[in-house]
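Let me begin by presenting the structure, written as structure tokens, before commenting on it.
The values are calculated or read from the model by the stated rules, or taken from the named source; none is laboratory data. Computed from a predicted model, the values in this text were never measured in an experiment. Neighbour counts run over all protein chains shown; Cβ positions are idealised from the backbone, glycine included.
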């Protein structure tokens, strides 16, 4: 393994390559970060539908994390699809044991509408995982579930961010709210954006959270990492995955683009 910064994704496997650990590792790589991946669930899905979910045995998820973390110097990790309360608790235990700095993408439903979680996942994420996290990156629907607040406008999103922010710093991503991101870290910051009409949105939440994680692992602060990730996702949506990877490699160091 080379001497580049190393990060970890703990998430599901999407065989279409657009979301989950494959997306995360591609995003890490495009930003000059070596990606390791712990698989929590296997899915049968494409950009249109989810036809099956097979969770990985909890003990084997723990073994994956332990084995990699015993040999590699990893400070930052991110989670995606965790599927069940049992998996959340196991991941939280290992995050605490290995003192990982964690970004939580609270994946519950696929962009196609298929369910990627069992009942009670949101409560277990709030109870066990968010208190150990440096940031969580819910979209509007996930923020509604975590906060219990219906979000119909920017004011609602701010209220939800304040509620979720009782557990850790939060950015409510604005792909469904005029494109603006609402960041709360003790005070509210609104990062203005714009909605983009495109079919290249499958896995955009994974791209966002993994870009944030990559930039944090390279020494960037949270606010700058969030701003960079927002721009990175816009490029992803605009050009598609192949275009984005080529586009982002033009930076000698992604920090130069902030």
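Listed residues 67, 36; which is under 30 Å from residue 225 (Cβ atoms), without any contact (Cβ under 8 Å) to a residue 40 or more places away in the chain and buried (at least 19 other Cβ atoms within 10 Å of the Cβ)?
Working: 67 fails: buried (at least 19 other Cβ atoms within 10 Å of the Cβ).
The conditions single out 36.
Please enumerate the residues belonging to the stretch 54-79 that are touching a helix residue (DSSP H, G or I) at 6+ places or on another chain (Cβ under 6 Å) and outside any helix (DSSP H, G or I).
76, 78
Determine whether residue 89 is in a strand (DSSP E or B) and in contact (Cβ under 8 Å) with a residue 12 or more places away in the chain.
Values: in a strand (DSSP E or B): no; in contact (Cβ under 8 Å) with a residue 12 or more places away in the chain: yes.
The answer is no for residue 89.
Hey, among the residues in the stretch 202-213 that are within 19 Å of residue 13 (Cα to Cα) and touching a helix residue (DSSP H, G or I) at 6+ places or on another chain (Cβ under 6 Å), which one's modelled with the lowest pLDDT? So that I can check it myself, show each step before the final result.
So in the stretch 202-213, the residues within 19 Å of residue 13 (Cα to Cα) come out as 202-211, 213.
Going one step further and asking which of them are touching a helix residue (DSSP H, G or I) at 6+ places or on another chain (Cβ under 6 Å), we end up with 203-204, 206-208, 210-211.
On the way: 203: 72, 204: 84, 206: 92, 207: 93, 208: 94, 210: 96, 211: 96.
Once the filter is applied, the top-ranked residue is 203.
Among the residues of the stretch 92-105, count how many are out of contact with any helix residue (DSSP H, G or I) (no Cβ under 7 Å at 6 or more places or on another chain) and farther than 25 Å from residue 223 by Cα.
2
Quick one: would you say residue 51 is more than 16 Å from the chain's Cα centre (by Cα) and outside any helix (DSSP H, G or I)?
Values: more than 16 Å from the chain's Cα centre (by Cα): yes; outside any helix (DSSP H, G or I): yes.
It is true that residue 51 is more than 16 Å from the chain's Cα centre (by Cα) and outside any helix (DSSP H, G or I).
Of the conditions (1) modelled with pLDDT of 95 or more; (2) out of contact with any helix residue (DSSP H, G or I) (no Cβ under 7 Å at 6 or more places or on another chain); (3) assigned to a loop (DSSP other than H, G, I, E, B); (4) surrounded by 14 or more Cβ atoms within 10 Å (Cβ to Cβ), residue 168 clears all except one; give me its number.
(2)
If a residue has to be within 17 Å of residue 229 (Cα to Cα) and over 16 Å from the mean Cα position of the chain (by Cα) to count, how many in the stretch 148-176 make the cut?
Residues of the stretch 148-176 within 17 Å of residue 229 (Cα to Cα): 169-176.
So of that shortlist, the ones also over 16 Å from the mean Cα position of the chain (by Cα) come out as 176.
Matching residues across the stretch 148-176 total 1.
Considering only residues that are surrounded by fewer than 18 Cβ atoms within 10 Å (Cβ to Cβ) and modelled with pLDDT under 95, look in the stretch 118-147 and name the one that is nearest to the chain's Cα centre (by Cα).
Selected residue: 141.
Which residues, taken from the stretch 116-165, are in a loop (DSSP other than H, G, I, E, B) and closer than 16 Å to residue 10 by Cβ?
So the first thing to find is which residues in the stretch 116-165 are in a loop (DSSP other than H, G, I, E, B), and the list is 116-120, 137-139, 148-153, 165.
Of everything in the stretch 116-165, those that are in a loop (DSSP other than H, G, I, E, B) and closer than 16 Å to residue 10 by Cβ turn out to be 116, 117, 137.
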